[in-house]
Each structure stands twice: as C-alpha cells, then as structure tokens.
Amino acid sequence: SQTIHQWPATLVQPVGSPLSLECTVEGTSNPNLYWYRQAAGRGLQLLFYSVGIGQISSEVPQNLSASRPQDRQFILSSKKLLLSDSGFYLCAWSSVIGINQPQHFGDGTRLSIL
Amino acid sequence: SQQGEEDPQALSIQEGENATMNCSYKTSINNLQWYRQNSGRGLVHLILIRSNEREKHSGRLRVTLDTSKKSSSLLITASRAADTASYFCATALGNSGNTPLVFGKGTRLSVIA
C-alpha cells in the first residue's frame, strides 16, 4: 500500500533562518506531488505541485521554493524565513492514472517562526 | 479563480443528529471531492462525486451534487463524537489528471456527546 511521510512534525525557527521540509512517498511510481500551507482555522493554499522529477509549478510567488530530486521525494525550502511563513505545511500525492484522482496527505509540519 | 466555499463555517450538534454541510463553486468542474481533517492532522479523502453524478453514498455519508446550482452537500447521518473535525470540499477543473484541486475554507463540525 502507499504511504506518505513528512517530517519534522513540528519546527521552531528564527526569522531569517533557512528551511528544509521533506516529503517522501512509498508504494507508487511517478505520483503528482503537492505542497500546501494552512493558516490557523483556514483552508489550504496550494504552494507548489510537481508532475515529475525536476518539474515544479509555483502557485504563489514568495520566498519559498520546491524541488523534486527523486521521483518520490518533494522538498520545500527557504533561504530566509519570514514571520509570515508560520503555518501548517502539508504534503500530498495523487495518482496520474485517471482524471483528478483523490489526494493523500501527510500528517503535516507545524512551523513557528520567532 | 475557481473556488469552493463551505457553509456554514462552524456547526455544533448533538450526538445522533444529522449534520449537513454545503459547498458552492464558481465554474464548471470535472468532479468534486470531500475531505475530513482532524485537528493537527492531514486531510483524509472521504468521497468523490463526478459532474455527471447527482448523489453518492458511503456508509453514513451522503453527497449530492447540483451542477445547475454549482453546489454540493455532505450529509453525515447519526453523528458521533468521533465525527468532530473540519470538512473541506475540493473542486477539480479540466480533464487533466494533473490539475490541482482547489480547496474551500472548511466547515468545523463539533459533535457533542
């Protein structure tokens, strides 16, 4: 069966520090991969999605970036964090087979910027 | 841009009662999906209804879709305290399997034992 791993679960970082969040998927090949951010009590904001290795689409211009160095690995990065980067970050995957397949989410990373 | 909006924002009911949540969207869709999120966790897919379907059931869940009104509803029957969570609708545009879903802001459901 397919599983998605996201770490760390919580992270506290000072303003201006770098960031690297990692997400890996097991049990499937060539998945679509997604990064979302969720503000407290709010809906999901799509940040990046990827349909293949090295292919990244950015939905929101900001100081975050994403990379997909391997088929089932998706990394969210920042060189310098801002206070506004605080939030709950979720990684998800979906199958490319069929149309608009359901997305499967990791358990998220709660990021607090001090 | 395409967006799903849930209504109400928050709902509090007694255990055993039915809970109904609504979702409205703006443009034509390929399908509409409902997700559940427990506090501090990731979202879990509940049910997908295609644009050519009008109603779908899964256990205690019933989803309807009215494409003429661009709306959907999620009904949870005989609610339990464990149903307490946020519920989101998500819409998919186009015919590409790579089209990102657009999520609404969610309905927070509280089921009181």
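Could you list all residues from the range A:1-31 that are outside any loop (DSSP other than H, G, I, E, B) and polar (S, T, N, Q)? Result: A:Thr3, A:Gln6, A:Thr10, A:Gln13, A:Ser20, A:Thr24.
Scanning the range A:32-66 for residues that are of a type in the set (Gly, Ala, Ser), outside any loop (DSSP other than H, G, I, E, B) and either open to solvent by less than 40 Å² (accessible area, probe 1.4 Å) or free of Cβ contacts under 8 Å to residues at least 12 places away in the same chain (or both) yields A:Ser50, A:Gly52, A:Ser57, A:Ser58, A:Ala66.
State which residue pairs qualify: first residue of a type outside the set (Val, Ile, Thr) and inside the range B:11-26, second residue outside any loop (DSSP other than H, G, I, E, B) and open to solvent by 80 Å² or more (accessible area, probe 1.4 Å) in any location, beta carbons under 9 Å apart, and separation of 6 or more residues or different chains. From residues that are of a type outside the set (Val, Ile, Thr), the pairs are B:Leu11/B:Arg108; B:Ser12/B:Arg108; B:Met21/B:Asp7; B:Asn22/B:Asp7; B:Cys23/B:Asp7; B:Ser24/B:Asp7.
Residues that are part of a strand (DSSP E or B) and open to solvent by less than 10 Å² (accessible area, probe 1.4 Å) are absent from the range B:94-106. Give the residues of the range B:55-113 that are among the aromatic types (Phe, Trp, Tyr) and modelled with pLDDT of 95 or more, sorted by residue number. The answer is B:Tyr87, B:Phe88. Exactly one residue out of A:Ser29, A:Ser84, A:Ser20 is more than 24 Å from B:Ser86 (Cβ to Cβ), at pLDDT below 95 and loosely packed, with under 14 Cβ neighbours inside 10 Å: that is A:Ser29. So is B:Ala92 more than 8 Å from chain A (Cβ to nearest Cβ) and in contact (Cβ under 8 Å) with a residue 60 or more places away in the chain or not? No, not satisfied. For the range B:24-69, the strands (runs of 3 or more DSSP E) that sit wholly inside it and include 2 or more residues that are within 13 Å of chain A (Cβ to nearest Cβ) and open to solvent by less than 20 Å² (accessible area, probe 1.4 Å) are B:31-37, B:43-50. B:Ser110 meets all of the listed conditions (1) under 25 Å from A:Ser94 (Cβ atoms); (2) open to solvent by 30 Å² or more (accessible area, probe 1.4 Å) but one, namely (1).
Here's the yes/no breakdown for (1) touching a Lys or Arg at 6+ places or on another chain (Cβ under 6 Å); (2) aliphatic (A, V, I, L, M); (3) more than 18 Å from A:Pro18 (Cα to Cα):
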| position | (1), (2), (3) |
| --- | --- |
| A:Asn32 | no, no, yes |
| A:Trp35 | no, no, no |
| A:Gln38 | no, no, yes |
| A:Leu47 | yes, yes, no |
| A:Ser57 | no, no, yes |
| A:Ala66 | no, yes, no |
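The values are calculated or read from the model by the stated rules, or taken from the named source; none is laboratory data. Here the structure is a predicted model, which means the values were calculated and not measured. So basically every Cβ, Gly included, is an ideal-geometry build from the backbone, and we count neighbours across all protein chains shown. Please note that ligands, DNA and RNA were not included when accessible areas were found on the heavy atoms of the full protein model with its side chains. Shrake-Rupley method; radii C 1.70, N 1.55, O 1.52, S 1.80 Å.
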